[in-house]
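**Q** My questions will all concern the structure given below.
The values are calculated or read from the model by the stated rules, or taken from the named source; none is laboratory data. These numbers were taken from a predicted model, which means no experiment stands behind them. Using ideal geometry, Cβ is built from the backbone for each residue, glycine included, and neighbour counts are taken over all protein chains shown. Remember, those area values only see protein heavy atoms, side chains included, never the ligands or the DNA or RNA. Shrake-Rupley method; radii C 1.70, N 1.55, O 1.52, S 1.80 Å.
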Amino acid sequence: MAYSWSDHSHLWQLSSLILGAIVLGACGSPAASTPVPLPANPTATTAPATTTPEPTLQTPPPAIDNVIPKPASVVATGGTFRLTASTGIYVEPATDEVMAIGQYLADHINPASGYALKVQAANGAPAKGISLSLSAADPALGPEGYQLTITPELVRLTANQPAGLFYGVQTIRQLLPPAIDSSSVQPGPWVMGTGTISDSPRFAWRGAMLDVARHFFSVADVTRYIDLLAYYKINRLHLHLSDDQGWRIQIKAWPNLTVYGSSLEVGGTPGGFYSQEDYSAIVNYARSRYITVVPEIDMPGHLNAALASYPELNCAGVAPALYTGISSPNESLCVGKDVTYTFLENVIGELAALTPGPYIHIGGDEAQGTSTPDYINFMERVQSIVQASGKQAVGWEEISQSQLLPGTIAQHWNLPTGPYTSAEHQTVQQDLLQAAQKGSKVIMSPADKAYLDQKYQDATTLGLSWAGDINVETAYNWDPASLIPGIPENDILGVEAPLWSETLNNLNDLEYMAFPRILGIAEIGWTPQAGRDWNEYKTRLAAQGPRLEALGVNFYASPEINWPQK
Ligand code: TNX
């Protein structure tokens, strides 16, 4: 007869209750964030003598501190909760949105467990199962925080807002064995360690950027990336929708942008674009994963695809050829012509109407084809157009040379060794500092740390290397608040990891460059600085290996990490 784990699970539960009581009594502080060390075989004294081998009883309860991003506070109580086919998911209130979060959890448990967990309205506080509730959460957890209390009978998740429940659900997924992420039925058992997690993010902006202009990525590719980002509590997807090599979003007033301007990509292969329906599908999908899409139209440089599509946007009135190389042509939008602003009002207007999130990114980087005074005027005018469309502008850090409107956000990226002379770089850095001092918020995307398109090491075949190699440690081991002297924590909205696609041909390439570095950026955005340590992170990252594998992610198994043996 096969030995069933559940036959003796009550022994675990009993011993863990005792252990939990001892632990709480001993350290007295439920806010301690270090996991409780367990004796090698905690049941040895309580298990009755038996001749049957009890292999599962030798297994310590699952850890509850193996989560990325690391939660703000974890207290383990040493017991085990077991999910079964009859575990109910109870939600409160049973609004469509909260029901959908419950169903999302059930849907992510289904393929590997084979269980179709029922999601239902809670009728009072449930005594067992999984409970998702918006009542009685600690207001201090804020809009994205959550509290998770796991006992052998009940997984109780509370939050102030649905976003908090969604993030708590990601934590629950990561507390289950890695095989839960498999797309086919696995043996289980589906157990979680018991304890309490209280968690909320360090920064409001935890972003990833995807360049769909240099190489085009399909709606399916983007939604796949969204799913993976959501697992690590990332909440912004910045889409770089146009560049020299291609225009990727349908604009009804300017049809040639996609009819012609989208036709190619780097290397001269066929490009592509999102119809407005495609774009809405991406935005809605992202929204269901609590990710805000930030659309970018880069300007006045990096715009060759648009200049090639409409001669009138060029000062000389002549359209350049489509460009499929990987450096930047110096062409610029003609900032002195009225038609330029009609064009921008139309483009920004249509994009704003399609975008529920509050931001429109207006690029502004590497505008070498425009004089500095022209650039400053232009960027001020474009900010007003964005504001008139009801949105807030985001721009690469160069925009801080112009007067920033209240609400405009600057995105730091460049290095002293970057594509500028050091004098130009210093000017931009000074302007950024002043903008921050005048109240503008800054997103940190330092190219030598957060750029997912840079090689891991010299031998990496994909990627660029102008900002230097970025191994997993370099991507993880930095603090946004000590990056630029004079731009402290309070001025920083958050972090973002750009994935430029000059060298990335397909989803496989994308995943290889993003994973596992994006997990480190996600943790920088979420976890308090005092809770982060590279050596400790390495062990949690190693534990994500089997999860990424179960999810079918083509990640780079960096030798820096001691991945579990297969
Ligand atoms: C610089 S970062 C750029 C991009 C390139 C990237 C490649 C930025 C705002 N501009 O146009 O794709 O380097 O790493």
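**Q** Name the shape class, rounded, prolate or oblate, that the alpha-carbon gyration tensor gives for region 361-483, where a ≥ b ≥ c are the square roots of its eigenvalues, rounded holds for a/c under 1.5, and otherwise prolate holds if a/b is larger than b/c and oblate otherwise. Write down the numbers at each step before the final one.
**A** On the way: a/c = 2.01, a/b = 1.77, b/c = 1.14.
Judged from the Cα gyration tensor, region 361-483 comes out prolate (a/c at least 1.5, a/b above b/c).
**Q** Whenever you get a sec, compute what percent of the accessible area on region 422-514 sits on carbon and sulfur atoms (1.4 Å probe). It would help to have the intermediate numbers written out before the result.
**A** On the way: 1590 of 3560 Å².
Its accessible area is 45 percent carbon and sulfur atoms.
**Q** Compute the signed sum of charges (Lys and Arg +1, Asp and Glu -1) over the other residues within less than 11 Å, Cβ to Cβ, of residue 109. Intermediate results must be reported in sequence, preceding the final value.
**A** Working: positive: 173; negative: 107, 181.
So the environment of residue 109 carries a net charge of -1.
**Q** What list of ³J(HN,Hα) values in whole Hz, one per residue of region 436-448 in order, does the Karplus curve 6.51 cos²θ - 1.76 cosθ + 1.60 (θ = phi - 60°) give from phi, with Gly and Pro shown as x?
**A** Each residue of region 436-448 in turn: 5, 5, 8, x, 6, 8, 10, 9, 9, 9, x, 4, 8 Hz.
**Q** Rounding to the nearest 10 and keeping the result within 0 to 90°, find how far the Cα-based axis of helix 517-526 lies from the longest principal axis of the chain.
**A** Once rounded, one gets 80 degrees.
**Q** I need the shape label for region 187-249. Rule: rounded when a/c is under 1.5, else prolate if a/b > b/c, else oblate, with a, b, c from the alpha carbon gyration tensor.
**A** Since a/c reaches 1.5 but b/c is at least a/b, the shape of region 187-249 is classed as oblate.
**Q** If amide H atoms are built 1.01 Å from N in the plane of the peptide, which residues on other chains or at least 5 residues away come under 5 Å of the amide H of residue 298?
**A** The answer is 241, 242.
**Q** Beyond 20 Å, what share of the Cα-Cα pairs of region 66-194 is found? Please give it as a whole percent.
**A** Value for region 66-194 (Cα pairs over 20 Å): 39 percent.
**Q** Given H placed on each backbone N at 1.01 Å, which residues far from residue 194 in sequence or on other chains put an amide H within less than 5 Å of it?
**A** 77, 78, 79, 80, 81
**Q** Just how large is the dipole of the chain about the Cα centre, in debye to the nearest 20, putting +1 at every Lys and Arg Cβ and -1 at every Asp and Glu Cβ?
**A** In debye, rounded to 20, the chain gives about 1580.
**Q** Between rounded, prolate and oblate, where does region 127-250 land on the alpha carbon gyration tensor, with a ≥ b ≥ c its root eigenvalues, rounded for a/c under 1.5, else prolate if a/b exceeds b/c? Mind showing how you got there, number by number?
**A** On the way: a/c = 3.49, a/b = 1.70, b/c = 2.05.
Here region 127-250 falls in the oblate category.
**Q** Name the aspartates and glutamates eligible as straight-distance cross-link partners of residue 438: C-alpha to C-alpha under 18 Å, and not fewer than 8 places from it in the same chain.
**A** The qualifying aspartates and glutamates are 380, 397, 398, 489, 491.
**Q** Ranked highest first by the average count of other Cβ atoms within 10 Å around their residues, in what order do 482-492, 199-209 fall? Numbers along the way, then the final one.
**A** Values: 482-492: 14.6, 199-209: 23.8.
Per-residue Cβ counts within 10 Å, averaged per peptide and sorted highest first, yield 199-209, 482-492.
**Q** Test of understanding: what is the full-extension gain from residue 505 to residue 138, defined as 0.36 nm times their sequence separation minus their Cα-Cα distance?
**A** Details: separation 367, 0.36 × 367 = 132.12 nm, distance 4.59 nm.
Residue separation times 0.36 nm, minus the Cα-Cα distance, leaves 127.5 nm.
**Q** List every residue whose amide H lies under 5 Å from the amide H of residue 238, counting only residues 5 or more places away in sequence or on a different chain, with H placed 1.01 Å from N in the peptide plane.
**A** 208, 209, 210, 294
**Q** Turning to a different aspect of this structure: Taking all protein chains as present, what is the carbon and sulfur share of the accessible area of region 118-180, in % to the nearest whole number, probe 1.4 Å? Could the numbers behind the result be given before it?
**A** Working: 1230 of 2210 Å².
Looking at region 118-180 in its full context, I get 56 percent from C and S.
**Q** If packing is taken as the mean number of other Cβ atoms within 10 Å per residue, what is the order of 339-346, 162-169, highest first? Intermediate results must be reported in sequence, preceding the final value.
**A** Working: 339-346: 16.5, 162-169: 24.1.
The peptides rank, most packed first, as 162-169, 339-346.
**Q** Still on this structure, I have one more. Could you give the angle, 0 to 90 degrees to the nearest 10, between helix 534-550's Cα long axis and the longest principal axis of the Cα atoms of the chain?
**A** 90
**Q** Hey, another quick one. For a label point 7 angstrom out from the Cα of residue 489 toward its Cβ, which stretches of region 185-202 have the backbone nitrogen within less than 19 Å?
**A** Correct set: 198-202.
**Q** A follow-up question, please. Give the percent of DSSP beta bridges with both residues in the chain that are antiparallel, rounded to the nearest 5.
**A** Numbers: 21 of 66 bridges.
Of the beta bridges lying entirely in the chain, close to 30 percent run antiparallel.
**Q** For the chain, take the longest principal axis of its alpha carbons; what is the angle in degrees between that and the long axis of helix 9-27, to the nearest 10 within 0 to 90?
**A** In the chain, helix 9-27 runs at an angle near 70 degrees to the longest axis.
**Q** While we're looking at this one, here's another question. Quick one: order 391, 538 from most to least accessible surface, probe 1.4 Å.
**A** In descending accessible area the options line up as 538, 391.
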